[in-house]
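The values are calculated or read from the model by the stated rules, or taken from the named source; none is laboratory data. Because the structure is a prediction, the values reported are computed rather than measured. Virtual Cβ from ideal backbone geometry, glycine too; neighbours counted across all protein chains shown.
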Amino acid sequence: MDSALIPKGVQRCPLWQFLLILAVAGAVLLWGVYAMFLCWIKGLNQTNMNDYYGFALWIWADLAVIALGGGAFFSGFLKYVLGRDELKNIINYAVLLGFICYSSALLILAIDIGQPLRGWFIFWHANVHSMLTEVAFCLSCYFAVLSIEYLPLILENRQLAKVPFFHHLSHNMHKVMAVFAATGAFLSFFHQGSLGGVAGVLYGRPFAYREGVLVWPWTFFLFTWSAAAYGPCFTIFITRLTEYFTRKKLVKDNVIDLLAKISGWMMGTYIIAKIIDTIYWATVTAPAAGFRLMDFYSGNSFYGIWILLLELILGGVAPAALLLVPRWRANPRLLWVAISLAVVGVCVNRWVMVLQVMAVPVMPFDQWALYLPSWQEVATTILPVAYGVILVAISYRYLPIFPQEAELNPIEETVKA
Amino acid sequence: MFPFSFEWVWDMGHMVFMGGLWYALTIIGIGMTYCIVKAAMDASKDTASHSSGH
């Protein structure tokens with residue numbers, strides 16, 4: 001029924017199966033939309049945020065999807081600026097995932113600010129002393145860049161490409177994509193960094209505070225570095241997941257291997273820097289503020305030293321080691337383990353830098369402040385996942401996302417088999 | 001915010017922040033304008049060559 005829209009040379013599941021997937025994801029999406037409207041109509045009293053938790057589950061989700069979406073800017077930088085041409089076979093998917101992640105981040109922020117109709121205030125009445133202003137600027141501009149990078153892919157749809165203007169527009173955009181990719185890398189460097197900088201400059205919260213260079217705390221550089229390291233792992237993770245669900249090979253192993261190797265080197269160097277930063281913080285910065293390391297990991301029912309080990313060892317050293325050794329990286333099971341641990345690792349890092357920062361007592365009379373999100377917060381955080389599934393499903397069905405798919409899955413051979 | 005807004009102050013913060021924003025928006029705007037105008041010209045050339053061919 002919709003075969004005229006499906007790219008040439010590839011096979012897709014029957015329409016009813018596709019619609020069923022959309023219906024299931026759509027039901028979850030509607031649940032999230034309902035919670036979103038509750039937050040907009042009734043206000044932020046629908047959440048469990050309070051005076052301790054001005055930043056809560058939403059901001060963690062924001063930071064996590066922005067880090068995971070970092071695969072788009074870093075892959076774009078590698079392909080268009082550094083000329084790693086092999087990555088052209090995965091860049092479309094990296095862009096799509098980046099687009100989903102960044103649009104999700106903006107949606108979550110639109111709920112979080114409580115009054116989305118005043119969202120434009122941050123541009124017009126900008127507080128130029130706030131790192132969050134820089135984040136808002138770069139995030140919005142980078143989302144525009146991602147939309148520009150995603151647009152040619154939409155225009156390459158079989159039917160749209162028949163329109164001469166769309167065909168030429170897509171062609172012209174490809175020709176100048178390096179300019180957009182370089183702009184995207186520049187914007188990402190600053191907003192990823194500033195998201196880390198926000199935590200690092202909190203000198204009243206010794207758990208988060210770090211020294212640095214000029215106005216930038218070390219967390220600024222660590223966040224950018226970690227996004228470039230872990231983002232490509234998320235791209236590989238979702239690619240492998242798509243291959244699993246479609247039961248097809250979509251990207252050749254040499255492309256995945258190259259991205260995994262680069263990610264491994266980035267992660268390895270990042271985790272060394274992160275461990276040095278942690279040791280210096282634990283032995284110099286925190287004691288100078290009157291805290292011992294274990295003050296941050298004891299006296300409560302949730303945050304133990306396990307979370308530090310999970311972040312650094314299981315979510316950092318282990319995946320980096322697995323990705324750096326060619327034999328381990330080439331093993332599909334170990335690659336799965338590595339990219340899964342990496343995704344968990346960066347999410348735990350962002351959790352710690354948002355929520356544990358809020359939980360740790362600062363004053364001598366303070367208690368640990370633990371927090372459980374309301375169902376509205378959970379639903380609106382799951383909403384982007386459902387939205388992502390829908391957009392991936394539609395894009396995969398109708399757009400030529402994987403240039404190697406037809407070659408890797410010849411239709412004639414499948415029919416004969 | 002523009003320099004003619006009442007809140008504008010000629011200090012480093014405003015110049016760096018707002019300058020960066022307008023710089024990025026200008027690159028995006030010029031890039032897209034170039035692509036759209038060139039696509040329109042290419043498409044009209046196609047139409048002209050098709051009609052002259054008939």
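Some values worked out for this structure:
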read-out	value
Count of residues meeting criterion [among the hydroxyl-bearing types (Ser, Thr, Tyr) and modelled with pLDDT of 90 or more] in the stretch B:20-54	5
Scope the stretch B:33-49; condition farther than 13 Å from A:His168 by Cα and either hydroxyl-bearing (Ser, Thr, Tyr) or at the interface with chain A (Cβ under 9 Å from one of its Cβ atoms) (or both); matching residues	B:Thr33, B:Ser49
Single residue of A:Leu38, A:Leu22, A:Leu78, A:Leu117 found to be within 23 Å of A:Tyr398 (Cα to Cα) and in a helix (DSSP H, G or I)	A:Leu22
Residues of the stretch A:336-364 that turn out to be surrounded by fewer than 23 Cβ atoms within 10 Å (Cβ to Cβ), of a type in the set (A, V, I, L, M) and part of a helix (DSSP H, G or I), as a count	10
Among the residues listed as B:Ala39, B:Ala24, the single one being without any contact (Cβ under 8 Å) to a residue 40 or more places away in the chain and more than 20 Å from A:Phe143 (Cα to Cα)	B:Ala39
Residues satisfying the stated conditions in the stretch A:372-402, i.e. surrounded by 16 or more Cβ atoms within 10 Å (Cβ to Cβ) and either aromatic (Phe, Trp, Tyr) or not in a helix (DSSP H, G or I) (or both)	A:Pro373, A:Ser374, A:Tyr387, A:Tyr396, A:Tyr398, A:Leu399, A:Pro400, A:Ile401, A:Phe402
Among (1) farther than 30 Å from A:Ile275 by Cβ; (2) part of a loop (DSSP other than H, G, I, E, B); (3) aliphatic (A, V, I, L, M), the one test that A:Ala406 misses	(2)
Residue match in the stretch A:272-290 (condition: over 22 Å from A:Leu202 (Cα atoms) and surrounded by 13 or more Cβ atoms within 10 Å (Cβ to Cβ))	yes
Every pair of residues 6+ apart whose Cβ atoms lie under 6 Å, when the first sits in the stretch A:165-189 and is farther than 16 Å from A:Asn92 by Cα and at the interface with chain B (Cβ under 8 Å from one of its Cβ atoms) while the second is outside any helix (DSSP H, G or I) and at pLDDT 90 or above	none
Listing of helices (runs of 4 or more DSSP H) fully contained in the stretch A:151-266 that carry 3 or more residues being touching a Gly at 6+ places or on another chain (Cβ under 9 Å) and of a type outside the set (Gly, Ala, Ser)	A:177-200, A:218-246
